[in-house]
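Student: Mind looking over this structure? Questions follow.
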Amino acid sequence: MYPSLRDEYTRIFRYLRLSLTDVCNFRCGYCLPNGYNKCDSEDPLNLEEIKNLVTGFIDLGIEKIRLTGGEPTLRRDLLPIIEMIKDIDANIKVALTTNGFSLPSLLTRLKASGLNALNISLDSLNAQRFAAIRGKNISKQILQSIDLALELGFDRVKVNAVLLKGENDSEIHDYLEWIKVRPISARFIELMRTNENSNYFSQHFISAESIKKQLIDLGWREVARSISDGPAREFSHPEYVGRIGLIAPYSKGFCESCNRLRVSAKGALRLCLFGDGDYSLRKFLQSPSQRPELTDAVLSALRLKPKSHRLNEENSGNMNSLSTIGG
């Protein structure tokens, strides 16, 4: 057994976020307002490379893998990828983060492939506001897909909304009413500054503390996190079936509980979402016989993981667009 994934600050990593593509078919104001533009000719990892990558990380103690993008449902081999991961280890939790566009035709097959959990982006419950933020007028179809996902019995269904001042920050009570009878975790995410959205950020950033105060005043209480949970702080209420989650990267101590690593669609290990460096693993993914080299590369890079991002210093590292690594 290889050493566990532990960094210089004693943080242990059991959660891998794997981007399958940097292509996206939405035009979200905070990410790709002008739509996706291909910036290089390198292809994303193929199925065999993904298999070697995933096997190596599972050997290192990863217990949960989230498939992200861009928009991961644009990969034609998405279902075989999920099936392959579950074949490697049936106990691995496999989750998918998606904009929801392809869910009506995919949901049943995703469940059959072994997918455990879904995160679906839903920045507004208001159809017109959703279209203005996301560049697609499909909120009705997404809401229907969420209800179908609940019927199909996924382990967890989460909904993500990026907090945007003047856009959706007045909708907290609408979300609360919506999850009252649905076992959904609705998560509000602070808008994060990238190198390409600084003007948008200055106009629309709002702290998640304002939402937290509203929740506490309404009788919501924070629940304990499990070791493989993501960064959300979840809140529950005895009169509600669903939960509310807050992801607040600008809050003090946010990085202290970091438990996740990221690999880009091209096979680059990213130690921090807003860090400066990527470490290409692709050359170690061409054969299962390269497992020791892959392990050494990951463990060596992990020693360089920073203690914290520098977002509060208006430093976004080399993060230009969140579509390149899936947030």
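The values are calculated or read from the model by the stated rules, or taken from the named source; none is laboratory data. Note that this is a predicted model, so its numbers are computed, not measured. Positions of Cβ are generated from backbone atoms using ideal geometry, with glycine treated the same way; all protein chains shown enter the neighbour counts. Ligands, DNA and RNA are stripped out before the accessible areas are found, and what is left, the full protein with its side chains, is counted by its heavy atoms. Shrake-Rupley method; radii C 1.70, N 1.55, O 1.52, S 1.80 Å.
Student: Residue pairs, Cβ under 8 Å, 6 or more apart or interchain, first in the stretch 161-181 and among the basic types (K, R), second open to solvent by 10 Å² or more (accessible area, probe 1.4 Å). List them.
Tutor: What qualifies is K165/Q203; K165/H204; K165/F205; K165/I206; K180/E239; K180/Y240; K180/V241.
Student: Test of understanding: among E71, E83, which residue is in contact (Cβ under 8 Å) with a residue 24 or more places away in the chain and open to solvent by 60 Å² or more (accessible area, probe 1.4 Å)?
Tutor: E83
Student: Filter the stretch 133-175 for residues that are part of a loop (DSSP other than H, G, I, E, B) and under 14 Å from L107 (Cα atoms); which is most open to solvent (accessible area, probe 1.4 Å)?
Tutor: Taking the candidates together, the pick is D155.
Student: Given the criterion within 20 Å of the chain's Cα centre (by Cα) and of a type in the set (A, V, I, L, M, F, W, C), identify the matching residue among L215, L152, L246.
Tutor: None of the other options fit; the residue is L246.
Student: Look at N34 and say whether it is without any contact (Cβ under 8 Å) to a residue 12 or more places away in the chain, closer than 28 Å to I189 by Cα and not in a helix (DSSP H, G or I).
Tutor: Yes, satisfied.
Student: Restricting the stretch 47-79 to residues that are closer than 30 Å to R27 by Cβ and acidic (D, E), which is nearest to the chain's Cα centre (by Cα)?
Tutor: Here the answer is E71.
Student: Please specify each residue of the stretch 222-266 satisfying the condition of being under 21 Å from L176 (Cα atoms), touching a residue at least 40 places away in the same chain (Cβ under 8 Å) and out of contact with any Gly (no Cβ under 9 Å at 6 or more places or on another chain).
Tutor: Passing the criteria: Y240, V241, G242, R243, I244, L246, A248.
Student: Give the stretch 191-202 a look and list any residue that's over 17 Å from R27 (Cβ atoms), polar (S, T, N, Q) and either open to solvent by 50 Å² or more (accessible area, probe 1.4 Å) or not in a helix (DSSP H, G or I) (or both), or say none.
Tutor: Scanning the stretch 191-202 gives N195, S202.
Condition check ((1) at pLDDT 95 or above; (2) touching a helix residue (DSSP H, G or I) at 6+ places or on another chain (Cβ under 8 Å); (3) open to solvent by 60 Å² or more (accessible area, probe 1.4 Å)) across all residues:
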residue	(1), (2), (3)
A224	no, no, yes
C258	no, no, no
H309	no, yes, no
M319	no, no, no
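Student: Let me spell it out: the conditions are (1) under 21 Å from G317 (Cβ atoms); (2) open to solvent by less than 40 Å² (accessible area, probe 1.4 Å), and Y279 meets all of them except one. Which number is the exception?
Tutor: Tallying (1) under 21 Å from G317 (Cβ atoms); (2) open to solvent by less than 40 Å² (accessible area, probe 1.4 Å), Y279 fails exactly one: (2).
Student: Kindly provide the set of residues from the stretch 101-118 that are part of a helix (DSSP H, G or I) and either among the acidic types (D, E) or touching a residue at least 40 places away in the same chain (Cβ under 8 Å) (or both), ordered by number. Quick ask: steps written out before the conclusion?
Tutor: Residues of the stretch 101-118 that are part of a helix (DSSP H, G or I), as a first pass: 103-113.
L103, P104, L107, T108, K111, listed by residue number.
Student: Another question, then. Residues being free of Cβ contacts under 8 Å to residues at least 24 places away in the same chain and part of a strand (DSSP E or B): count how many of those fall in the stretch 119-132. Full working, then the answer.
Tutor: Step one: filter the stretch 119-132 for residues free of Cβ contacts under 8 Å to residues at least 24 places away in the same chain, giving 127-128, 130-131.
Retained after the next criterion (residues that are part of a strand (DSSP E or B)): none.
Residues in the stretch 119-132 being free of Cβ contacts under 8 Å to residues at least 24 places away in the same chain and part of a strand (DSSP E or B): 0 in total.
Student: Being among the aliphatic types (A, V, I, L, M) and not in a loop (DSSP other than H, G, I, E, B) is the filter; apply it to the stretch 216-252 and report the residue that is farthest from D169 (Cα to Cα).
Tutor: From the stretch 216-252, those among the aliphatic types (A, V, I, L, M) are 216, 218, 223-224, 227, 232, 241, 244, 246-248; that's our starting set.
Still in the running and not in a loop (DSSP other than H, G, I, E, B): 216, 244, 246-247.
Details: I216: 17, I244: 14, L246: 13, I247: 14 Å.
For the stretch 216-252, the residue satisfying everything is I216.
Student: Output the residues belonging to the stretch 260-276 that are within 12 Å of L45 (Cβ to Cβ), within 14 Å of the chain's Cα centre (by Cα) and open to solvent by 10 Å² or more (accessible area, probe 1.4 Å).
Tutor: S264
Student: Residues of the stretch 85-100 being within 23 Å of V157 (Cβ to Cβ), assigned to a helix (DSSP H, G or I) and over 20 Å from the mean Cα position of the chain (by Cα), which ones?
Tutor: none
Student: In the stretch 46-61, is there at least one residue being buried (at least 20 other Cβ atoms within 10 Å of the Cβ) and either in contact with an Asp or Glu (Cβ under 6 Å, 6 or more places away or on another chain) or acidic (D, E) (or both)?
Tutor: No, the stretch 46-61 has no match at all.
Student: For residues in the stretch 87-120 being polar (S, T, N, Q) and modelled with pLDDT of 95 or more, which is surrounded by the fewest Cβ atoms within 10 Å (Cβ to Cβ)?
Tutor: Of everything passing the filter in the stretch 87-120, N91 is surrounded by the fewest Cβ atoms within 10 Å (Cβ to Cβ).
Student: Go through (1) open to solvent by 40 Å² or more (accessible area, probe 1.4 Å); (2) within 18 Å of the chain's Cα centre (by Cα) and name the single condition S289 misses.
Tutor: Of the numbered conditions (1) open to solvent by 40 Å² or more (accessible area, probe 1.4 Å); (2) within 18 Å of the chain's Cα centre (by Cα), the odd one out for S289 is (2).
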